[in-house]
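S.K.: Quick one: the structure is below, questions incoming.
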Amino acid sequence: MTVPANSRRTLRVKPVLVRSSVRSAKTFDSSVTYLSDLQEFAAQRGVGLPTPIFVKDRSFHGGVILLNGTSYSKGLGLAANTVILYDLNRQYQSFAALAGIAEDIASREPRGSINLTIFCDGKCQFDSGSMYPDTTPQPVEVDVCNIQTLVIRVSSNWDSNGDMRNDFGNLADARLIGRARAD
């Protein structure tokens, strides 16, 4: 419809009821799927930063994943300014991990720092805030039921005059819990 400038038209609007399609409730088993056993959909590390983008089942520099004096055989070693995407295809119930600064670089100068954020279908569901070597590792628990895309983002805090040489973190026991059953 076109309305000429400086004129009026009266419109009658008929409301339409929009019903959301409610899916049947899924049931989940109690299985555990580690992110390090999955193929990521995509991953990127900040422009100009060297590869690897991240490391599976090791700290970023190749050591054991170590947080608060405890070693973990499964998880991800992450560098600042890394983004990893996983296509969950709405098949999992929850995501859990323990996040902290990689202990194999914790005593180096300048002091390492990161911020971990987890996004589910574009919405931030977890934000660690600034983490440093003396920050207690943080448990991550996110509901991913009916989530298509899980995004893990590790950012630098841009302290130490932008020196990111030691901005590395570990995501220990990064896992998806409960897989949808075919009912």
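The values are calculated or read from the model by the stated rules, or taken from the named source; none is laboratory data. Small disclaimer: the values here were computed from a predicted structure and weren't measured. Virtual Cβ from ideal backbone geometry, glycine too; neighbours counted across all protein chains shown. Calculation scope for accessible area: heavy atoms of the full protein, side chains included, ligands and nucleic acids excluded. Shrake-Rupley method; radii C 1.70, N 1.55, O 1.52, S 1.80 Å.
S.K.: Being touching a Ser or Thr at 6+ places or on another chain (Cβ under 9 Å) and in a loop (DSSP other than H, G, I, E, B) is the requirement here; does ASN166 meet it?
M.R.: The answer is yes for ASN166.
S.K.: Within region 47-94, can you find the residues that are of a type in the set (D, E, K, R) and without any contact (Cβ under 8 Å) to a residue 60 or more places away in the chain?
M.R.: LYS56, ASP57, ARG58
S.K.: Here's something else I'd like to know. Being among the basic types (Lys, Arg), under 28 Å from SER30 (Cβ atoms) and crowded, with 18+ Cβ neighbours inside 10 Å is the requirement here; does LYS56 meet it?
M.R.: Spelling it out, it is not the case that LYS56 is among the basic types (Lys, Arg), under 28 Å from SER30 (Cβ atoms) and crowded, with 18+ Cβ neighbours inside 10 Å.
S.K.: Tell me, yes or no, whether region 155-176 has at least one residue that is at pLDDT 90 or above, surrounded by fewer than 19 Cβ atoms within 10 Å (Cβ to Cβ) and at positive phi.
M.R.: No - not one qualifying residue is present in region 155-176.
S.K.: Out of region 89-102, which residues are more than 12 Å from ILE152 (Cβ to Cβ) and at pLDDT 90 or above?
M.R.: ASN89, ARG90, GLN91, TYR92, GLN93, SER94, ALA96, LEU98, GLY100, ILE101
S.K.: Go through region 84-94 and count every residue that is of a type outside the set (Lys, Arg) and either surrounded by fewer than 20 Cβ atoms within 10 Å (Cβ to Cβ) or not in a strand (DSSP E or B) (or both).
M.R.: 6
S.K.: Could you identify the single residue in ILE105, ILE118, ILE147 that is at pLDDT 95 or above and not in a strand (DSSP E or B)?
M.R.: Numbers: ILE105 fails: at pLDDT 95 or above; ILE118 fails: not in a strand (DSSP E or B).
Being at pLDDT 95 or above and not in a strand (DSSP E or B) holds for just one of ILE105, ILE118, ILE147, which is ILE147.
S.K.: While we're here: Would you check which residues across region 99-149 are of a type in the set (Ser, Thr, Tyr), open to solvent by less than 30 Å² (accessible area, probe 1.4 Å) and under 26 Å from LEU88 (Cα atoms) and list them?
M.R.: Within region 99-149, THR117, SER128 qualify.
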